[in-house]
Amino acid sequence: MEVTNYKPKRFLFPILALVLISIISIALINTYITVSVLKTNMNQQINNTKKEYSEQHNNRVYKEVNLVNEFIEFQITKIENKLRESLKEKIQIALDITNYTYNLYKDELNKEDLKKKISNALAAIKFNDDQSYYFMYDNKTKIIFGHPLKNFVGRDMTSFRDIKGQSLMQLDADSLAKNKIGYSKIYFNKPKNQTKEFPKLTCITKFEPLDLVIGIGEYLDVVENQIKKEVLERFSKFENKDKYLFILDVHDIEGGDEFATVLLNSNRSELVGNKVSDKDKDVKGNMFRKQFLEIIKGEGEGFTQYWYKKPSTETPALKVSYIYFQKAWNWIIGSGFYSNDLEEKILLMEKSISSHINDTIYKTIIWVVLLSSLAIVIAIFVSFRIDRTIEKYTNTIIDYEHNKRKQEHMLIQQSKMAAMGEMLGNIAHQWRQPLSTISTASTGAKLQKEMDCLSDTDFNYAMDSINNSAQYLSTTIDDFRNFFNPTNNKETEFLFSDTINKTLAIVSPQFVTKDIIIVKKIEELSIKSIENELIQVLLNILNNSKDALIKLEDEKRLVFINAYIENNVITIEIKDNAKGINEDIIDRIFEPYFTTKHQSQGTGIGLYMSQEIINNHLGGTLTVSNETYSYDEIEYTGANFLIKIPIVPKIKISSIKN
C-alpha cells in the first residue's frame, strides 16, 4: 500500500490576509459590542435597581402587615390564656359540686336521678350576665341533659357542626384524649341571641363515675371588640405621608356593592366607616378590590398592583400593596408603596451611565488599534509555526492510518485462512465416505468384469452408486463455494431454520466423528440480515464448542442450539457441557489473538471476528457466560454464547424440537 506524505501548502499568505480582515472586522464588531454591552449593563443596572427597590419595599410592607397580624394574634392569645385560667377555675368548682352531690346521693338515687340532681345544681350557677354557664352531656350517647338553651336539652350532638363546619363532639373527644381538662374554640348560639353563632372558648372535663362531660365557656366577641379597638388605635397613624396601612372588615367574601367596611386608612381618615364595593375601578379601569377578594379566596395573602391617588401629589400613581386575610375576624389587612418614587433614581442613573459609555468608546478605539498592530506581527510568526506543526502531525497520522489498515487487512486475511482451514477439514470429512463408495464400486465392477461375472444389474448398481456419490460431492462443493462467495455477503430475507441447517451441514461430519450430539429447539421465522456472516459466527462458536468437548472422556458430549424471538429481538443460545470457561479468562475471550489453544491449533481471532460481525455488521450483541442446567435429569455445566439481533419478524411459522 502506497504511503502519501504531507506536502506543505503555502497557507501563509491566505492566513495573513484572513487575519488582517478578521482584525479589522473584529475592531468594528468590538466597538459595536462594547457599546451594546454598556447599554445592556445600564439596562441591567436599572432592572436590578427596580428589583432591589421592589424587594426592599415588598419586604417592608410584608413586615408591616404581619406586625399588625402578629399583634392581633398576641392579644388574642393573651386574652385566651387568661380566659383559660378563669374557665379552669370554674370547671374545678363544677367538679367539686358534682363530686359532693354524687357522694351525698349515690346510695339513695339511681344514675339518671343523680344526673338530674347534678344538672340542677350546676344550672343555678351563671356568670357574666348569664352569658357564661355550665352544660353537661352523656359521654356515651352525646345527649345533652343540662343546658340553659332548652332546645338543646335531650338532643343528640353526635352530628352537630358549627358555622365553621367543626364537629363539637369530635373537638371535645380530641382534647380530652390528651388532657384531663380540654379546651376548644367553637361557634355557638347565645342564650339572648339564638339566631346567630358567636365565637366561644369552652373548657370541659369528664366525671368518670357517671361518664359525664361537664363544660363551661366564654363568648369571645366582647373580648374581640376590645382587641379590635386597641389594634385600630395603635396603627391609625404613620410618620410618612405616602406610607399607608388599611384594614377592611369583610361582610361578604363573595363581593358586592357593600361587601366590606373601611376600619382603618392611615392616610385618608375620611374613608373610615364607609362601605366599599368590589366594583370600584382605578384610573386604568381595573376593579382592584375584586383582586383583593381573589387573593384572599386563593392563597389568603399576596401582592397586587393598581392605581390610586398619592397623598403627597394628589394625583393617581401606581401602587403595590400586600394584603393578608385575618380569618378569625374576617379582616383584610393591607399596606403598600407608590412605585413612581423609583423614576427619579433611574433618570440620574441613565445620565451617569451615558457619560461613562462615551468615555469607554474613545478608550476602546485606541486600544483596538494598538492591539491590532501587535496581532499582525504575532500572526506572521504563528503562521510559520502552524505550517510546520501541521506538516509534522499530518505525516504522523498518515503513517498511523496506514499501519492500522495494514494490521486490519492482516487480521481479516488470518480470519479467512482460519475459516478456510476449518472448511478444508470439513470438506475432507464430507468427501471421505463418497470417495470410499466410488472407489469400492469401481474396483468391484472391474474385478467382476475380469472374472467375467459382471451382470447388467451389478453394473448399473455400481454406476448409480458412483453417480450418486459424485452428485453428493458436487453439492458439497456448491455449499462451501456459496459460503465463501463474496457476492452472498448482502442483506437478504431468509428462514432462520435454513441458516441453522446450512451451518450444521458444514460441521456435522466432524461432530458425528467426535460423538457430539446436537440438540435443537428453533422457533422458525423469516428475518432480513446477512446470512453468510451469521453462518460464519455460528461456525466459529460451534467449532470452539467442539474443541472444548473433545477433551471430555467417558461423558456425553452435548451442544444445545436454541433460537426464539422476543420483543422484536431474535435470540440465539449455543451452549455445551464442556465444564465452562475459566472465570479468570472469560472476560478476555473476545480480544484479538487471545487463545487457550496451542499456536498450531488456533489464532485467537475467531471469536473476536464473530463479535465484530454481530456488533458492527448485524447491529446486535454477542456475550458469553457459564451456565449450569439440567438435561434428561442430569446436571451439566458449560459455556453459553448468547446472540441478540434486533429484527422485525415477517412471519412466524411453528416451533420445532429435535
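Quick notes on this structure:
- Solvent-accessible area per residue for region 486-538 (1.4 angstrom probe, square angstrom): 43
- Compactness of region 104-153, expressed as Rg and Dmax over alpha-carbon positions, Å: 11.9, 36
- Summarising the label geometry, the points placed 7 Å from Cα in the beta-carbon direction at Ile93 and Asn179 lie 2.0 nm from one another.
- FRET efficiency, Lys82 to Leu348 (Cβ-Cβ, R0 56 Å, nearest 0.05): 0.50
- Separation between Cα centres of region 194-213 and region 607-623, rounded to whole Å: 83
- Each peptide among 275-286, 299-310 gets the average number of other Cβ atoms lying within 10 Å of its residues, and from highest to lowest they stand as 299-310, 275-286.
- For region 65-83 versus region 313-357, the gap between their alpha-carbon centres in whole angstrom: 30
- Set of region 504-533 residues, backbone N closer than 20 Å to the point 7 Å along the Cα-Cβ line of Lys490: 527-533
- Under the simplified labelling scheme, the Arg234-Glu197 pair shows an inter-label distance of 3.0 nm, with each label point 7 Å from Cα along Cα→Cβ.
- Overall dimensions of region 74-192 by Cα: Rg and Dmax, Å: 15.2, 51
- Estimated translational D of region 123-278 in µm²/s (Stokes, Kirkwood radius over Cα pairs; 10 °C; 1.306 mPa s): 86
- 16 Å Cα-Cα reach of Lys279 towards aspartates and glutamates, excluding residues that sit fewer than 8 places from it in its own chain: Asp252, Glu254, Asp257, Glu258, Glu294
- Apportionment of accessible area to carbon and sulfur, region 77-165, percent (1.4 Å): 49
- Over 19 Å [Cα-Cα, region 187-320], rounded percent: 66
- Gap separating the Cα centres of region 98-171 and region 524-570, nearest whole Å: 90
- Per residue accessible area in Å² of region 177-266, where ligands, DNA and RNA are left out and the probe is 1.4 Å: 49
- DSSP-loop chymotrypsin sites (Phe, Trp or Tyr not before Pro) across region 189-241, with at most 16 other Cβ within 10 angstrom: Phe238
- Potential lengthening between Ser625 and Lys528 on full extension [0.36 nm per residue; Cα-Cα distance subtracted]: 32.2 nm
The values are calculated or read from the model by the stated rules, or taken from the named source; none is laboratory data. Fair warning: this is a prediction, and the values are worked out from it, not measured in the lab. Counting neighbours? That spans all protein chains shown, and the Cβs are built from the backbone with ideal geometry, glycine included. Only protein heavy atoms, including side chains, enter the accessible area calculation; ligands, DNA and RNA are left aside. Shrake-Rupley method; radii C 1.70, N 1.55, O 1.52, S 1.80 Å.
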